[in-house]
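Take a look at the structure below.
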Amino acid sequence: MKKYLAECVGTFVLTFLGCGTAVSLACGSDTASVVGTAIAFGLSVVAMAYTIGGISGCHINPAITLGVLCSGRMTTKDAIGYWVGQFIGGILAAACLYVLVDATAGDPNAAIGTHTGANALQPNVTLIQGILAEIVLTALFVLVVLGATAKTNGATNNFAGLAIGLSLILIHLVGIHYTGTSVNPARSFGPALFEGGDALSQVWVFIVGPCIGGVLAALIWKGIEPAEK
């Protein structure tokens, strides 16, 4: 249960700090807001990796858990426990953000058009483009996770938290323009519940796309993983 609770706490922190930064900076309004949001998500992962990594491995992302499961590194029972914890963490974080931003509705600095930092397809981005972006970006991200944490890949796992966090910054810098960047169903589901509108109607894109990407990453890693020494 400690592993599942750790995943809940970690996903809460990722969603609250990452999405909270997106809300506070009005992500997408200018280049600085995009860069700031990308850095916030990456640093959140780094912080949690060194906080709960020794407890649960710090997946804090259902797509990562799916990739790890497909790679044979965890049981189905544990994967289900991780998923439950992750989605609960994402929902609780979104609820906190919603209440906080709603409470400051009279503040002109809070008038940023979203309460929760929810994902949605950006203007002129088609459904196919959005799903493709989420599949590719998630596959790349989960591939980094699998490689950086593999016991068969030398000493790279000593710096896994840093590598994963930095890669998530890169992933966001690419993807925010298209989908707001999810690559994490729990991070998208919670905010969508409170945001409603397009965020809720499109949330399936940010569940299906990352899940396909997670499986794809597991298949790629299986093909290139070094043999046991």
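Observations
- Set Ile212, Ile169, Ile164, Ile176: member being over 21 Å from Val13 (Cβ atoms) and in contact (Cβ under 8 Å) with a residue 60 or more places away in the chain: Ile212
- Identity of the residue in the stretch 142-157, of a type outside the set (Val, Ile, Thr) and not in a loop (DSSP other than H, G, I, E, B), that ends up modelled with the lowest pLDDT: Asn157
- Any hit, the stretch 20-34, residues being under 12 Å from the mean Cα position of the chain (by Cα) and crowded, with 21+ Cβ neighbours inside 10 Å: no
- All positions within the stretch 21-44 that are assigned to a helix (DSSP H, G or I), in contact with a helix residue (DSSP H, G or I) (Cβ under 9 Å, 6 or more places away or on another chain) and among the small types (Gly, Ala, Ser): Ala22, Ser24, Ser33, Gly36, Ala38, Ala40, Gly42, Ser44
Every residue, every condition in (1) at pLDDT 95 or above; (2) farther than 19 Å from Phe141 by Cα; (3) among the β-branched types (Val, Ile, Thr); (4) surrounded by 21 or more Cβ atoms within 10 Å (Cβ to Cβ), yes or no:
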{"site": "Val45", "(1), (2), (3), (4)": "yes, no, yes, yes"}
{"site": "Gly54", "(1), (2), (3), (4)": "no, yes, no, no"}
{"site": "Gly67", "(1), (2), (3), (4)": "yes, no, no, yes"}
{"site": "Gly72", "(1), (2), (3), (4)": "no, no, no, no"}
{"site": "Thr75", "(1), (2), (3), (4)": "yes, yes, yes, no"}
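- Filtering the stretch 45-72 to residues that are among the β-branched types (Val, Ile, Thr) and part of a loop (DSSP other than H, G, I, E, B) leaves only Ile60.
- All told, Ser182 meets the bar of being within 24 Å of Phe16 (Cβ to Cβ) and touching a Pro at 6+ places or on another chain (Cβ under 8 Å).
- Among the candidates Ile60, Ile91, residue that is in contact with a Lys or Arg (Cβ under 9 Å, 6 or more places away or on another chain), under 20 Å from Val23 (Cβ atoms), crowded, with 17+ Cβ neighbours inside 10 Å and not polar (S, T, N, Q): Ile60
- Candidates Gly175, Gly213 - the one that is modelled with pLDDT of 95 or more and closer than 20 Å to Gly18 by Cα: Gly175
Here's the yes/no breakdown for (1) of a type in the set (Val, Ile, Thr); (2) farther than 21 Å from His59 by Cα; (3) outside any helix (DSSP H, G or I); (4) within 13 Å of the chain's Cα centre (by Cα):
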| position | (1), (2), (3), (4) |
| --- | --- |
| His115 | no, yes, yes, no |
| Gly175 | no, no, no, yes |
| Ser188 | no, no, no, yes |
| Leu200 | no, yes, no, no |
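- Thr15 being among the polar types (S, T, N, Q), out of contact with any Asp or Glu (no Cβ under 6 Å at 6 or more places or on another chain) and closer than 18 Å to Tyr98 by Cβ: yes
- Residue within the stretch 178-194 that is within 23 Å of Asn124 (Cβ to Cβ), among the aromatic types (Phe, Trp, Tyr) and buried (at least 22 other Cβ atoms within 10 Å of the Cβ) present: no
The values are calculated or read from the model by the stated rules, or taken from the named source; none is laboratory data. Bear in mind that the values here come from a model prediction, so they are computed numbers and not experimental data. No Cβ is skipped: glycine too gets one built from the backbone with ideal geometry, and neighbour counts run over all protein chains shown.
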